[in-house]
Amino acid sequence: MGSACFIVDAMVTGAMLPRHLKSIRDSGVADHLLPILVTSTHPHARFNAIEQRYRTHCLVTPTLPLGARLNKAAFTSQAEWLIIALQKQPLPASLWGSLYPQLNTYTLDALFIGLEQPTLLTRILRRFLANAQLLPPYIAIRRAWFERLGGFDPELDAENALDDFLQRLYACPTRLKTYNGQLLRTTNAPSKHKPPRHQMLSSQQI
């Protein structure tokens, strides 16, 4: 697979941070092939134990909002793919093990990982609320595309930083798909940001 690096923010994942890290490490891939960067706004007594147990590197930046923290981690890594946690809930280790082979491609710019089909209520909200984004648990994005998008807005924090990034992802002709462990399927942008049809990849079963 292409080289990959996980970026997991302690403020995004909260008390679920150790479960995120355990899931990644239980995927069966050698630790040295999957570096993990943990970002946070303040040092925590448990970080030393976390670094040793899960072989991570913690980046503590007290004055930086989420967008700037994620950018700092992204540019600290030299990996071809950046896999970034966007939600508190972790994903199962089995999904990671099956995902990595999908990154060995030049036909994708980004993957939404673990995103379920929206409920009827969610679809209604997206129709009436212009900024009602579907936030995937994780996103894998090719470094070159991340840099082309300009990374995250360094002045935005929390969900504002994530929503802004997804809006710019949709606004560009991103070759984007969703992976849920079984299907690799095309992900459509919200209607006002939907890229031209000829720039979308066709769905395929793996």
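The values are calculated or read from the model by the stated rules, or taken from the named source; none is laboratory data. Please read these numbers as outputs of a predicted model, since none were measured by experiment. Methodologically, a virtual Cβ is constructed for each residue, glycine included, from the backbone with ideal geometry; neighbour enumeration extends over all protein chains shown.
Residue 147 passes all but one of (1) modelled with pLDDT of 90 or more; (2) outside any helix (DSSP H, G or I); which number fails? The one condition residue 147 does not meet is (2). For region 1-60, residues that are free of Cβ contacts under 8 Å to residues at least 40 places away in the same chain, outside any helix (DSSP H, G or I) and among the aromatic types (Phe, Trp, Tyr) total 0. The listed residues are 167, 182, 199, and the only one of them that is at pLDDT below 55 and among the polar types (S, T, N, Q) turns out to be 199. Scanning region 129-142 for residues that are out of contact with any Ser or Thr (no Cβ under 8 Å at 6 or more places or on another chain) and modelled with pLDDT of 55 or more turns up 133, 135, 137, 138, 139, 140, 141, 142. Among residues of region 89-102 that are on the phi < 0 side of the Ramachandran plot and assigned to a helix (DSSP H, G or I), those with a Cβ under 8 angstrom from a residue that is at pLDDT 95 or above and among the polar types (S, T, N, Q), sequence gap 6+ or separate chain, pair up as 93/23; 96/23.
Scanning region 150-182 for residues that are in a helix (DSSP H, G or I) and of a type in the set (Phe, Trp, Tyr) yields 165, 170.
Conditions (1) within 20 Å of residue 139 (Cα to Cα); (2) basic (Lys, Arg), marked per residue:
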position: 2; (1), (2): yes, no
position: 7; (1), (2): yes, no
position: 12; (1), (2): yes, no
position: 27; (1), (2): yes, no
position: 46; (1), (2): no, yes
position: 51; (1), (2): no, no
position: 54; (1), (2): no, no
position: 67; (1), (2): yes, no
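Residue check: residue 105 meets all listed conditions (1) of a type outside the set (D, E, K, R); (2) in contact with a Gly (Cβ under 9 Å, 6 or more places away or on another chain); (3) modelled with pLDDT of 90 or more; (4) outside any helix (DSSP H, G or I) but one, namely (3). Within region 3-17, the set of residues being surrounded by fewer than 23 Cβ atoms within 10 Å (Cβ to Cβ) and within 17 Å of residue 95 (Cα to Cα) comprises 4, 5.
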